[in-house]
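Beneath this line is the structure, given in C-alpha cells, with notes to follow.
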Amino acid sequence: MTSSFDTLWSQIAPIGRSPNGGYRRFAWTTADAAMREWFVAAARERGLDVQVDRNGNLWAWWVPDGHADEPAFVMGSHLDSVPDGGAFDGPLGVVSALCAVDELKARGVRLRKPVAVAVFADEEGARFGVACVGSRLMTGVLDPDRARALTDADGVSLADAMRAAGVDADGLGRDGELLRRIAAFVELHIEQGRALADSDFAVGVGSGIWPHGRWRFSLAGRADHAGTTQLDDRRDPMLCVGEAVLEARRQAERHGGLATVGKVVVEPNAVNGIPSRVSAWLDARAPDQATLDRILIGIAERVGRRASFEQVESTLVNESLTPAVEFAPDLRKRLVECLGADTPLLDTGAGHDAGILASRAPTGMLFVRNPTGISHSPEEFAERADCLAGIGALADVVQAWLYP
Ligand SMILES: [Zn+2]
C-alpha cells in the first residue's frame, strides 16, 4: 500500500499545477482530461474494468466471476479542483480508493461481491457554477437541459466542453441502472476543518452535511465618471455589494452559520468608473435549513434596502441548493465499528458527491486529518501517515462489507 500511494500521488502531482503551487483542474479542461486519463490507466493497471457513464463520471469495476449483476461497494471522489485548490481535496479519495484495492489484494482478501471506484465529474463547479454536476445528473437532481446550457466565463457551454473532451453530452440524465449497482458508497476526503487536528485520530467518520447553497445578486446601476459625478447623483451598484459582504458576515455570526461573498464580476471594471453592473455570488451554509433561510433573508433584506436607496436594480437568484444530509446510520455505525468505537463523528459545511448520492444509496464519508484545517488553497495538507491510515480504514471497511 505504501509504495502504490507514493507512486500514484507523484504521478498526479504535476498535472494542472499553477505557479503558486495550487491546482487548476477545472472540469473538461486539458488538466481534467489528463487526470481522467491517469485514472483510467491506473485502474486498468489494477485489472479493473473502466467505463464512462452517461454523465461523464468514471467507474472502475472490480467484479468477481459470476457476480456481475450484484450491486457493488463503491469508493471514490472527484479529480477536479477549485481555482488554485489544494492537492488533496478530491484526488486523495480517488488515490485512496485505488490503494485500498491494492491493499485488499495484498491482504489476500477473496472478492465475493463487486467493488468499484468512482470518479465524479465536475464536483467543484469552478467552471460552470454548479457543484456536483456529475452526481446530480446521475441521481436526477439536475435537469439535463439546464446542465447542457450552463456556460463558463468564456461562454462555452457544458455540452460543448464535454464534447470537446470527447464525452457525449446527449445522454445526460438520471441513470437508474447505475444507481441500482451501488450497494453502498463511501467517499474518503481530506478534512476541511480542524476537528481532528488536535485529536489522536487520523481518520474520522462523517455524520452529515449542512444544507448549503449559492445565490447570485445582479445589481444594475449606471456607469459614470468617478471624478465628475456628484455622490448624490450616482447609482452605484458596488455599494450594494459592500452591503452584501458585511451583512453576510453579520448574519453568519448571529445565526451560527457561514456566509461568504467570494466572487464578484464588475462591469466595466474600471478604476475611474462607477460600475454599471455588478454580479456578486453568495455562498451560505448552516446547521439546518431554517437557520440557512434566516441568514439568507437577513442578507437579502439588507441588500434590497440599500439597492432601493441607491436606485440600483437588484435581483437575487438561487443557483443551487443542497438540503441537509444525514449519512446512512447503519453504514455510519459499521464505519465506526471498523475504525474503533471512539472514532470522532464529524459534520461538515462542505458539499460532496456523497451528499448527493446519500438520497439514492447508503452513503458515508471518511475524513483524513488536516493539521491546519486549510482547504481550497495551495496550503491544504495531510500527513502521509494519515493518508495511509485512511487507505487502511477504507480497506477495512470494504473487507468488513465483503465478510460481515
Ligand atoms: Zn472535494
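The values are calculated or read from the model by the stated rules, or taken from the named source; none is laboratory data. All values reported here derive from a predicted model rather than from experimental measurement. In this analysis, Cβ positions are derived from the backbone assuming ideal geometry, glycine residues included, and neighbour counts consider all displayed protein chains. To get the accessible areas, we keep the full protein, side chains included, count just its heavy atoms, and leave off ligands, DNA and RNA. Shrake-Rupley method; radii C 1.70, N 1.55, O 1.52, S 1.80 Å.
Between Gln289 and Asp154, full extension at 0.36 nm per residue minus the direct alpha carbon distance yields a gain of 45.2 nm. The slack in the chain from Glu313 to Glu37, taken as 0.36 nm per residue of separation less the alpha-carbon distance, amounts to 94.7 nm. Per residue, the range 354-404 exposes 35 Å² of accessible surface when a 1.4 Å probe is rolled over the protein heavy atoms with every protein chain present. With a ≥ b ≥ c taken as the square roots of the eigenvalues of the C-alpha gyration tensor of the range 1-140, please select rounded if a/c is under 1.5 and otherwise prolate if a/b is larger than b/c or oblate if it is not? The shape class here is oblate. Just to confirm the number: angle between the C-alpha axis of helix 91-106 and the first principal axis of the chain, 0 to 90 degrees, nearest 10? Long axis of 91-106 versus the principal axis of the chain: about 0 degrees.
Counted over the chain with a bin width of 20 Å, the fraction of Cα pairs per bin, in whole percents, is 27, 55, 17, 2.
Mind listing the long-range amide H neighbours of His212? Cut-off is under 5 Å, sequence gap 5 or more, other chains count too, H placed in the peptide plane at 1.01 Å from N. For His212, the qualifying residues are Thr322. Considering every alpha-carbon pair of the range 258-404, the percent of pairs per 5 Å bin, from zero through the bin containing the longest distance, is 2, 7, 12, 15, 15, 13, 10, 8, 7, 5, 4, 2, 1, 0.
Helix 329-339 and the long axis of the chain differ in direction by around 60°, with both axes built from C-alpha atoms.
Along the axis of the charge dipole computed for the range 316-393 (Cβ charges of +1 for Lys and Arg, -1 for Asp and Glu, origin at the Cα centre), the listed residues Pro362, His352, Asn318 are led at the positive end by Pro362. Structure remark: mean-square fluctuation, Gaussian network model of the chain, C-alpha springs under 10 Å; the largest value among Ile182, Ile274, Ile299 belongs to Ile274.
Keeping every protein chain present and rolling a 1.4 Å probe, give me the accessible area per residue for the range 87-226 in Å².
Working: 4740 Å² over 140 residues.
So the range 87-226 comes to 34 Å² accessible per residue, rounded to a whole number.
Relative contact order of the chain: what whole-number percent is it, with Cα pairs under 8 angstrom and at least 6 residues apart? Write down the numbers at each step before the final one.
Numbers: 901 pairs, mean separation 87.3, N = 404.
Dividing the mean separation by the residue count of the chain yields 22 percent.
Straight-line reach from Lys113: which lysines have Cα under 16 Å away, leaving out those fewer than 8 places along the same chain? Partners within reach: Lys105. Taking the C-alpha atoms only, the angle from helix 30-45 to the longest principal axis of the chain is near 10 degrees. Between the beta carbons of Asp65 and Asp145, assuming R0 = 35 Å, the FRET efficiency works out to 0.30 to the nearest 0.05. Dipole check for the range 284-404: with +1 at the C-beta of Lys and Arg, -1 at the C-beta of Asp and Glu, and the Cα centre as origin, the magnitude is about 160 Debye. Each label point was placed 7 Å from the Cα along the Cα-to-Cβ direction; for Gln51 and Ile297 their separation is 4.7 nm. Here the Karplus curve 6.51 cos²θ - 1.76 cosθ + 1.60, taken at θ = phi - 60°, turns the phi angles of the range 318-325 into couplings of 7, 9, 7, 8, 10, x, 4, 10 Hz, with x standing for Gly and Pro. Only one residue of Phe201, Ala118, Gly155 has its Cα farthest out toward the positive end of the dipole of the chain, where Lys and Arg carry +1 and Asp and Glu -1 on Cβ, and that residue is Ala118. Take Glu313: with every protein chain present and a 1.4 Å probe, its accessible area is about 120 Å². Separation of the range 95-139 and the range 326-362, taken as the distance between their Cα centroids, equals 15 angstrom.
Taking 0.36 nm per intervening residue step and subtracting the Cα-Cα distance, what contour gain separates Thr228 from Ala400 on full extension? Before the final figure, lay out the partial values.
Values: separation 172, 0.36 × 172 = 61.92 nm, distance 7.26 nm.
Answer, rounded to one decimal: 54.7 nm.
Residue by residue, the range 390-402 carries 3J(HN,Hα) couplings of x, 5, x, 5, 4, 4, 4, 5, 5, 4, 5, 6, 5 Hz when phi is fed to the Karplus relation 6.51 cos²θ - 1.76 cosθ + 1.60 (θ = phi - 60°); x denotes Gly or Pro. In this structure Trp62 has an accessible area near 40 Å², from a 1.4 Å probe over the protein heavy atoms.
Heavy-atom surface analysis with a 1.4 Å probe gives the chain a carbon and sulfur content of 50 percent of its accessible area. When all alpha carbon pairs of the range 174-317 are counted in 5 Å bins from zero, the resulting P(r) reads 2, 9, 15, 15, 13, 11, 10, 8, 7, 5, 3, 2, 1, 0 %. Put a plus charge on the Cβ of each Lys and Arg, a minus charge on the Cβ of each Asp and Glu, and nothing anywhere else: the dipole of the chain about its Cα centre is then about 280 debye.
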